[in-house]
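Okay, structure first, notes after.
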Amino acid sequence: MKIPPVKGTRDFYPLDMARRNWIIDGWKRVSLRNGFEEYDGPIFEYLKMFQLKSGDEIAEQLFSLTDRGGRELALRPEITPTMARMMNQQINSLPKPIKWFSVPRLFRAERPQRGRLREFFQWNVDIIGVDDVLADAEIIFTTIDYLSSVGLTPRDIRVKISNRKLLASALTNIGIPEKQLYSLYALLDKYNRIPPDVFEKTLAEQVPDSAPAKKIVDFMNTTTLSEVPEIVGKDPEVDTAMQELASLKDLLEQMGVWQFCDFYPSIVRGLAYYTGVVFEVHAVGGELRAVGGGGRYDNLLQDFGGPSIAATGMGMGDCVLGILLEERNLIPEDLSTQQLDYFIASADKKYFPKVIEITAKLRRTGKAANFAYKPTGLSKQLKQASVQGAKKCIIIGSEIESGKLVVKDMATGEQKTTELDNLLK
Ligand code: HAM
């Protein structure tokens, strides 16, 4: 019986694995150079962990299960709630500010589409304990630091920035009750992703009066920040939000990355917990979903039973990023699936036992070494060495009787005879 792979999952053959590692190694390198420490949590958590604060969209996409003890669990669709839980557990002993990063494998039962799967990897960077836009600026800088390190330019990607406080004020001022805000955020987040008639119909179900509904649509259509106060009306929250965005721009200019950024009032973010600056990274042109996104979530740790503490962060998946890098030819072509220091070949099959012995010895000195299971002609073995990407090929022939062997440099073709003892030192 042939069993197909599950919908929305990927098989990683060695070359796919080399690409995945190349992306993840880059995320890790950039996190470390920006001062973040790595953490991880379990792949499953209590179901209620993701029903509490992630929002309806994520709750509808959970892969849930009941364990043998009757506990309701879910595979993690994001790592932010786990991070909040872990930090709360040690909040008094962790030195502040806390700068953590992680690359979890996540699961969401989405409709599989270009750039959205049911299982994916997501880079997360988060800063906890800094109640200042400087932390938001650092998160955005780190995001851009990675994207530019792999060759993406302001012509390829844009970081679209807004502030949840603007939309929250706009909605509150037109009389939307607080408890309805979260379901509206989820709908507004889809504004550019669903057909206008579907959007209008769903909006009318939530906001039946046409005047406030029109104001919401006007807000979603604003393209410049200066128009916002006009639409939203005078409000101290709006002033604060505008000031935060102005300081954020100054900081990103100082950091030399503002040329990647634009203010975009209609950036909402689907997740329920954002409270301040929010942003998404989008590819220029084309119809790809967001490359990544994040923002400030100052209430989440408290919502999970911890202290009131400022928090901001970002998540970037490997799917849209992978498509974008491939489209722009930015994935190195020479990614190797094997990294051999030596391939050990025999000039005659009578030296095969020596091949096994020397390979094992080299491996035990820490060298990556391989050999052909069936000793064939030397030229076939050399070909295998080259296919496996070996840097050098050791040829064992009659010289081995006097403790010597031939080492061939696979890049230059140069050959020299060396003492076995020297090689093993
Ligand atoms: P999110 O917007 O749900 O945020 O996801 C962030 C990114 O993860 C997306 O922009 C996309 O790159 C990737 N992603 C999401 N769903 C899928 C999927 N089904 N397939 C492939 N990639 C996907 C969060 O998850 C927040 N927890 C991020 C965060 C961290 N905010 C603060 N700290």
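For residue 312, only one of the following conditions fails: (1) of a type outside the set (Phe, Trp, Tyr); (2) within 16 Å of the ligand (Cβ to nearest atom); (3) modelled with pLDDT of 95 or more; (4) surrounded by fewer than 22 Cβ atoms within 10 Å (Cβ to Cβ). What is its number?
It is condition (4) that residue 312 fails.
Got a sec? Which helices (runs of 4 or more DSSP H) wholly within the range 23-136 have at least 1 residues that are under 23 Å from residue 308 (Cβ atoms) and of a type in the set (A, V, I, L, M)?
47-52, 80-90
Report whether or not residue 61 is modelled with pLDDT under 95 and in contact with a Pro (Cβ under 9 Å, 6 or more places away or on another chain).
Considered against the rule, which asks whether it is modelled with pLDDT under 95 and in contact with a Pro (Cβ under 9 Å, 6 or more places away or on another chain), residue 61 comes out as yes.
Residue by residue, here is whether (1) over 26 Å from residue 15 (Cβ atoms); (2) in contact with a strand residue (DSSP E or B) (Cβ under 6 Å, 6 or more places away or on another chain); (3) not acidic (Asp, Glu) holds:
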| residue | (1), (2), (3) |
| --- | --- |
| 344 | no, yes, yes |
| 376 | no, no, yes |
| 381 | no, yes, yes |
| 398 | yes, no, yes |
| 402 | yes, no, yes |
| 418 | yes, yes, yes |
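Taking the conditions exactly as written (surrounded by 20 or more Cβ atoms within 10 Å (Cβ to Cβ), within 39 Å of the chain's Cα centre (by Cα) and at negative phi), does residue 330 satisfy them or not?
no
Out of the residues in the range 165-181 that are over 34 Å from the mean Cα position of the chain (by Cα) and over 21 Å from residue 242 (Cβ atoms), state the one that is surrounded by the fewest Cβ atoms within 10 Å (Cβ to Cβ).
177
Where residues in the range 165-198 are in a helix (DSSP H, G or I) and among the polar types (S, T, N, Q), which of them is nearest to residue 292 (Cα to Cα)?
Residue satisfying both the conditions and the ranking: 183.
Can you tell me how many residues in the range 215-228 are surrounded by 13 or more Cβ atoms within 10 Å (Cβ to Cβ) and either under 29 Å from the mean Cα position of the chain (by Cα) or of a type outside the set (Ser, Thr, Tyr) (or both)?
Residues that pass the stated criteria total 9.
With respect to residue 224, is the statement that it is of a type in the set (S, T, N, Q) and without any contact (Cβ under 8 Å) to a residue 60 or more places away in the chain true?
Spelling it out, residue 224 is indeed of a type in the set (S, T, N, Q) and without any contact (Cβ under 8 Å) to a residue 60 or more places away in the chain.
Failed condition for residue 364, given (1) modelled with pLDDT of 95 or more; (2) farther than 30 Å from residue 16 by Cα, with all others met?
Unmet for residue 364, out of (1) modelled with pLDDT of 95 or more; (2) farther than 30 Å from residue 16 by Cα: (2).
Can you pull out the residues in the range 277-298 that are modelled with pLDDT of 95 or more and either among the hydroxyl-bearing types (Ser, Thr, Tyr) or more than 12 Å from the ligand (Cβ to nearest atom) (or both)?
284, 297
Given (1) small (Gly, Ala, Ser); (2) surrounded by fewer than 19 Cβ atoms within 10 Å (Cβ to Cβ); (3) more than 30 Å from residue 23 (Cβ to Cβ), identify the lone condition not met by residue 336.
For residue 336, the failing item is (3).
Somewhere in the range 115-122, is a residue closer than 30 Å to residue 243 by Cα, touching a residue at least 24 places away in the same chain (Cβ under 8 Å), within 14 Å of the ligand (Cβ to nearest atom) and in contact with a strand residue (DSSP E or B) (Cβ under 6 Å, 6 or more places away or on another chain)?
No, every residue in the range 115-122 fails to be closer than 30 Å to residue 243 by Cα, touching a residue at least 24 places away in the same chain (Cβ under 8 Å), within 14 Å of the ligand (Cβ to nearest atom) and in contact with a strand residue (DSSP E or B) (Cβ under 6 Å, 6 or more places away or on another chain).
Could you tell me whether the range 38-47 includes any residue that is hydrophobic (A, V, I, L, M, F, W, C) and either within 13 Å of the ligand (Cβ to nearest atom) or crowded, with 21+ Cβ neighbours inside 10 Å (or both)?
Checked against the condition, which is being hydrophobic (A, V, I, L, M, F, W, C) and either within 13 Å of the ligand (Cβ to nearest atom) or crowded, with 21+ Cβ neighbours inside 10 Å (or both), the range 38-47 yields no hits at all.
Would you check if there is a residue in the range 60-70 being within 13 Å of the ligand (Cβ to nearest atom) and at positive phi?
There is no residue in the range 60-70 that is within 13 Å of the ligand (Cβ to nearest atom) and at positive phi.
Residue 389 - would you say it is out of contact with any helix residue (DSSP H, G or I) (no Cβ under 8 Å at 6 or more places or on another chain), on the phi > 0 side of the Ramachandran plot and surrounded by 14 or more Cβ atoms within 10 Å (Cβ to Cβ)?
Yes.
Working only within the range 123-173, note down all residues that are of a type in the set (Phe, Trp, Tyr) and over 26 Å from residue 76 (Cβ atoms).
Across the range 123-173, the qualifying residue is only 141.
The values are calculated or read from the model by the stated rules, or taken from the named source; none is laboratory data. Just so it is clear, the model here is predicted, and its values are computed rather than measured. Virtual Cβ from ideal backbone geometry, glycine too; neighbours counted across all protein chains shown.
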